[in-house]
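Handing you a structure now.
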Amino acid sequence: MSGLESLYQQTILEHSKARHGGTLSEVAACETAWPEGTGQCHQLNPVCGDEITLRLAVDGGAGDSRVASLEWLGNGCSISMASASMLTDLAEDLTVDELARLIEEFRAVLRSRGTLEGDPEELGDAAALSGVAKFPARVKCAMLAWVAAEDALRQAVSTAA
Amino acid sequence: MSGLESLYQQTILEHSKARHGGTLSEVAACETAWPEGTGQCHQLNPVCGDEITLRLAVDGGAGDSRVASLEWLGNGCSISMASASMLTDLAEDLTVDELARLIEEFRAVLRSRGTLEGDPEELGDAAALSGVAKFPARVKCAMLAWVAAEDALRQAVSTAA
Amino acid sequence: MAESRDPSALDRTEVLRIRNDFPLLAHLVNGKTLVYLDSGATSQNPQSVLEAEQEFYEQRNSAVHRGAHTLAAHATVAFEDARATVAQFVGAREEEIVWTANATAGLNLLAYAFSNASIGDVPAESRRFAVGPCDEIVVTEMEHHANLVPWQELCRRTGAALRYIPVTDAGTLDLDEAARVIGPKTRVLAFTHVSNVLGTINPVAHLVGLARAVGALVVLDACQSAPHLPLDVKALDVDFAVFSGHKMLGPTGIGALYGRQELLDALPPVTTGGSMITTVTMERSGYLPAPQRFEAGTQPVSQAIAMAAAARYLMETGMERIHAREGVLAQRMLEGLRELPGIRLLGPAPGVERAALVAFDVDGVHAHDVGQYLDAQGIAVRVGHHCAQPLHRRFGLTATTRASAYLYTTEDEVDAFLQGVAGVRGFFGVK
Amino acid sequence: MAESRDPSALDRTEVLRIRNDFPLLAHLVNGKTLVYLDSGATSQNPQSVLEAEQEFYEQRNSAVHRGAHTLAAHATVAFEDARATVAQFVGAREEEIVWTANATAGLNLLAYAFSNASIGDVPAESRRFAVGPCDEIVVTEMEHHANLVPWQELCRRTGAALRYIPVTDAGTLDLDEAARVIGPKTRVLAFTHVSNVLGTINPVAHLVGLARAVGALVVLDACQSAPHLPLDVKALDVDFAVFSGHKMLGPTGIGALYGRQELLDALPPVTTGGSMITTVTMERSGYLPAPQRFEAGTQPVSQAIAMAAAARYLMETGMERIHAREGVLAQRMLEGLRELPGIRLLGPAPGVERAALVAFDVDGVHAHDVGQYLDAQGIAVRVGHHCAQPLHRRFGLTATTRASAYLYTTEDEVDAFLQGVAGVRGFFGVK
Ligand SMILES: Cc1ncc(COP(=O)(O)O)c(C=O)c1O
Ligand SMILES: Cc1ncc(COP(=O)(O)O)c(C=O)c1O
Ligand code: FES
Ligand code: FES
């Protein structure tokens, strides 16, 4: 069962229960407008019907703006929940550019079909999701929160002062 | 080429050129109403697009009514034209019941996939069409005029005095 | 339905013999023997089906119905014989079977035929199928999306209203509600014979009775019944029925629509093109009677022939015996699962007759994780909403795990599956 | 279009080698070696295509896109790789290829998508495809019924008018008339790349230019071109194109629709059901983007894989070389027939570039008799209207005999065919 254990590493199972950042309220998730410097995105995985809504706010001006907060509401498999939780931990205090680069890096690892290994220095706990790349049907699970974050970030930046 | 020669017997090729009864006018073929004791039917072979319109009149009362005339207008392969021509020769002077029985017999031979041989005493030249039964794709050709006659006969009888 | 054997359940020896006919079942997955419990999604194929298709391509391949040459004649005979076999399989007449791409295509054919009878300049003989704003289409809450979305779309196009028969907590149709929902406005009642999630076998006769009383047409989704039980469309007295080849040991790319002949001949065509016309001018076209009317273009010939080989395989084995065998497997799965902690079973409780498919929720573990865990042991099950989102929502779920058996499933496989499920919560650290 | 060889015509040695790959070509018909000249109707399959399908059923068969298990993952990869291969074959991107049952189904998909955009409560993003009484659909007089009847039916449903570009005596499109017929009301121009009766290769760029000038969408029937010449949908700049697997060495039961991605994503769905939805409630459904949006229900998976194997076979042989080879065969057929008395050839005269298919009338002998006579010698040709009744009517005929060649056709076969035709009138006693 080594394939399985590389997919479900202990840290993934832990995050899937801890769900850092999974604190967005239903009410907030249903809002259709939000403050300047904030972005929100809803993502659906059509294969399973799982969903996530992620809200993200940025602070500061064009050059040095940073992630001020990230929260999400969602339900899904352990991979998707762990991934959202890990992303929350990572995003804290990153600059906008750093987060954007991180999302790109994460995507590259996940799409590599197992040829790239995530760097724990960069990706933190999310490096443990590298094993998902060998399970094409689950890549979407791991990406769900990150795709939502990418879009929310774009919105937040575009409305930030 | 024995299969071919059993299909295209000399008498078939001759009838296909002679086309006895193939004298119905275009005008008559297009009419939509006709005298009592007369029936008319148009048949299309959808496989090839060939068509025939056959008109038939009956004479006399319920018990002993007879075919008074049979004419057709059509275009098609040698089998279909020969078959219409042979039917014309046969139908002359038959009673309504005799013609109906003959059509049934001919159909049985044609549908037999080669297990029944038409009786020349009964079917006349049309017995030569027995070989068509071994060519399922051509059965419809041989039947075209006969199906038209069957329907025209039914109409003619139903409107006859 | 030709039954060649005693109608008692297939026994173990026979099942083992049957397994030898299925090349894929000997396959290794993740280094383990495959335990294939996903036949509800798609079934495996016996050698005779693969050979029928191969033989066609190597000896008869050619266009049917249109060629005068010998090869075409052979292909046409094989194709029409296949139709006769599949007709016999469901108790229909040859002319009442229309080939489709799958069951979904059959249901869409009907929904579009009804809208073609309702929209634009409609020929007189088709008007009896027209539906409009004063009419209702009735489905059920347990339908596969294939028997729901096409009717939603028909309603969108015509203004008709869609109503549905709800599902009880026990996983059966609420028949009291059915009697209320089906009424004088009902033009079509479309429902599944066997639920692909609950395993419920619906009371066809009762529902047909309700539909007949109000003059509604009955469409039966026989996707999950045709492969698994003796199906006789005449005895069931339905107007239309659909099923798929790939769920009954046949290939992908083929399904069939049954329609009562007088209805099929009056129904307007849907897909138009070659081989379904009489006379075509640049301005207008005339159409052949059924089944050709609904079979435009080059048909799935080799697939039809292979589907017929599958039907023959099933008839020779005996549908009664397969059904009886699956009843045994169903109870084994249900009872085994019921003993495990944290498992919520959907559908009729053990003891009730049902299909050999069981969907369940594992408390604290997402269905996709359950499936992944079982897969690592070579056990192939299906996870997700099984194309029945409204039904899952009805039970407060988004996804379940489903194990589905077939004539080649062994008790050992069921036991391996049960043992696998028993390990799930431990692995994911759920108490 | 990946070309792996020199773009000169295949030579005899290569053709003989190629023939070894096709099991059916060694078949005896009526005790004679088969001379198969009906590839325009359906082509034969190389061993690699049959093996691809067999291998799928024996090693990967399972439901795609929906399963979490390993078998399903393998099936899904094979299925999507097949899409990529077929996309490459016609110069499209993967997401721009939709699997269909055949080319007819692809054309019907488009015609129904346009009517779904026109009828009932239409979502905003689809309205750009709406057609109504002020709009015109333009086809040509040489269309196969598959590219004519669906548009007649679209007009019946929506009130749009159907117009057509006439055919000249020489068997080409009347381009002066085309410039008049295509006008500001034209919403769709649908035409065939290569005529299945005349062999004419239509001037796509010119017609696309006329359509673009008035903002009309262009639908290309590539049924007779995709199998026989290098096809690049991007270079041709068409909006949609359809073709069939069985005409390009693949199996029955599969075809493909190409659509420019931004159009496919905005086009409303046609066949609805499983695997093409996002969220389904009892009341309404949301739809996935293309290509899934158009692929409801279980797809022709093994057929897609086999069609891709066929595309690979063709690409490895080289489409340029096949096309060049067929040019040689076409001229040989044409010149041979021209020398026989009482033969009337349809389509472009010898010397003009055309497809390797020739339809002709034998004075005094019905086409079905011609076909029957040739068949007795093992020569398989097609007879009838070839699903192009209006075109036959245009030339005052109801049926013709058509010989069509492919990459496996030899000069000897063409000569046997010519000799056969030479004997027809004598046999039937026509001077
Ligand atoms: C030009 C053309 N268009 C469309 C078709 C229809 O193809 P299919 O029957 O595979 O749908 C054909 C083949 O018969 C054809 O030659
Ligand atoms: C009850 C039911 N209806 C319809 C379908 C759709 O069948 P297909 O995908 O073969 O069209 C399925 C299978 O997925 C089913 O289980
Ligand atoms: S299975 Fe739904 S997100 Fe993983
Ligand atoms: S081929 Fe048309 S009737 Fe014989």
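Output the peptides D:79-91, B:7-19, A:25-37 sorted from most to least packed, where packing is the average of other Cβ atoms within 10 Å over each peptide's residues.
D:79-91, B:7-19, A:25-37
Tell me whether the range C:321-431 comes out rounded, prolate or oblate; compute the Cα gyration tensor, take square roots of the eigenvalues as a ≥ b ≥ c, and use a/c under 1.5 as the rounded threshold.
oblate
Right, here's the next one. Tell me, for the rotation carrying A onto B, which chain A residue has the beta-carbon closest to the axis and what that distance is in whole Å.
Here the value is A:Pro46, 22.
Sort the following peptides by mean Cβ neighbour count (other Cβ atoms within 10 Å, averaged over residues), highest first: A:117-123, C:33-39.
C:33-39, A:117-123
Return the distance in nm (one decimal) between the two label points of a simple spin-label model at D:Ala124 and C:Glu316, each offset 7 Å from Cα along Cα→Cβ.
6.0 nm
Further question on the same structure: Copy-to-copy spacing for C:Glu262, label 7 Å out on the Cα-to-C-beta vector, in nm, shortest first?
Going from nearest to farthest copy, the values are 5.5 nm.
Further, regarding this structure: Let me know the mean shielding of D:94-107 by other chains, meaning the per-residue number of their Cβ atoms within 10 Å of its Cβ.
The shielding value for this peptide is 4.
Using a 10 Å cut-off on Cβ atoms, rank the peptides D:13-20, C:400-407 from the highest mean neighbour count down.
C:400-407, D:13-20
Using only the Cα atoms of the range D:179-228, build the gyration tensor, take square roots of its eigenvalues as a ≥ b ≥ c, and label the shape rounded, prolate or oblate: rounded if a/c is under 1.5, else prolate if a/b is larger than b/c, else oblate.
In terms of gyration-tensor shape, prolate.
Would you calculate the separation in nanometres between label points at A:Lys17 and D:Thr278, each defined as 7 Å from the Cα along the Cα-to-beta-carbon direction?
3.5 nm
While we're on this one: Under a Cβ-only charge scheme (Lys and Arg +1, Asp and Glu -1), can you give me the dipole magnitude of the range A:2-159 about the Cα centre, in debye to the nearest 20?
Taking the Cα centre of the range A:2-159 as origin, the dipole is about 680 debye.
Another question, then. Can you give me the relative contact order of chain C as a percent, contacts being Cα pairs under 8 Å and 6 or more apart? Walk me through the numbers before you get to the answer.
On the way: 886 pairs, mean separation 102.3, N = 431.
Relative contact order of chain C: 24 percent.
With r as the distance between the Cβ atoms of C:Ala235 and C:Lys185 and R0 = 22 Å, compute the FRET efficiency 1/(1 + (r/R0)^6) and round to 0.05.
Details: r = 28 Å, r/R0 = 1.29.
About 0.20, to the nearest 0.05.
Average partner chain C-beta neighbours within 10 Å, per residue of B:76-82?
4
Using the 7 Å Cα-to-Cβ label point, sort the distances from C:Arg128 to its equivalents in the other copies shortest first and give them in nm to one decimal.
Between copies, matching label points for C:Arg128 lie 4.4 nm apart.
When Cβ neighbours within 10 Å are restricted to other protein chains, what is their mean count per residue of peptide A:137-145? Could you put the intermediate results ahead of the total?
Details: counts 15, 5, 0, 0, 4, 0, 0, 0, 0.
Averaged over the peptide's residues, the number is 3.
What is the calculated FRET efficiency for C:Leu28 to A:Arg113, with r their C-beta to C-beta distance and R₀ = 25 Å, to the nearest 0.05?
Given R0 = 25 Å and the Cβ-Cβ separation, E is 0.70.
Is the protein assembly as shown best put as rounded, prolate or oblate by its Cα gyration tensor, with a ≥ b ≥ c the root eigenvalues, rounded for a/c under 1.5, and otherwise prolate when a/b is larger than b/c, oblate when not?
Judged from the Cα gyration tensor, the protein assembly as shown comes out prolate (a/c at least 1.5, a/b above b/c).
Still on this structure, please answer the following. Roughly what would the spin-label model give for D:Cys134 and B:Glu5, points 7 Å off Cα along C-beta, in nm?
7.2 nm
Taking the dipole about the Cα centre of the protein assembly as shown, with the C-beta of Lys and Arg at +1 and of Asp and Glu at -1, give me whichever of C:Ala87, A:Ala148, B:Ala28 is farthest to the positive side.
Highest projection toward the positive end goes to B:Ala28.
For chain D, what number results from the quotient of the Cα radius of gyration and 2.2 N^0.38 Å?
The value comes to 1.00.
Of B:Ser158, B:Ile103, B:Cys77, which is farthest along the charge dipole of the range B:2-159 in the positive direction, counting Lys and Arg as +1 and Asp and Glu as -1 at C-beta?
B:Cys77
Measuring label to label, 7 Å along Cα→Cβ, what does C:Thr33 give against each other copy in nm, shortest first?
Sorted ascending, the copy-to-copy spacings read 5.0 nm.
Follow-up. Within the set A:Lys17/A:Lys134; B:Lys134/C:Lys234; B:Lys140/C:Lys247, which residue pairs have Cα atoms separated by over 28 Å?
Those over the limit are B:Lys134/C:Lys234; B:Lys140/C:Lys247.
Same structure again: What FRET efficiency would be calculated for the residue pair B:Asp89, D:Arg344, taking the C-beta separation as r and a Förster radius of 30 Å, to the nearest 0.05?
0.40
Need one number: % antiparallel among DSSP beta bridges in the protein assembly as shown, to the nearest 5.
70 percent
Give me the Debye-computed log₁₀ of I(q)/I(0) at q = 0.13, 0.20, 0.22 Å⁻¹ for the range C:28-130, equal point scatterers on Cα only, no solvent, two decimals.
Ignoring solvent entirely, the Cα scatterers give -0.79, -1.15, -1.21.
Rank D:Leu397, D:Gly420, D:Leu10 by how far each Cα sits towards the positive end of the charge dipole of chain D (+1 on Lys, Arg Cβ; -1 on Asp, Glu Cβ) and give me just the farthest.
Result: D:Leu397.
Values quoted throughout were computed directly from the atomic coordinates according to the rules given, and no laboratory measurement underlies them. Note that the structure is a prediction, hence the values are computed from the model and not measured. Please note: Cβ atoms are built from the backbone with ideal geometry, for glycine as well, and neighbour counts cover all protein chains shown.
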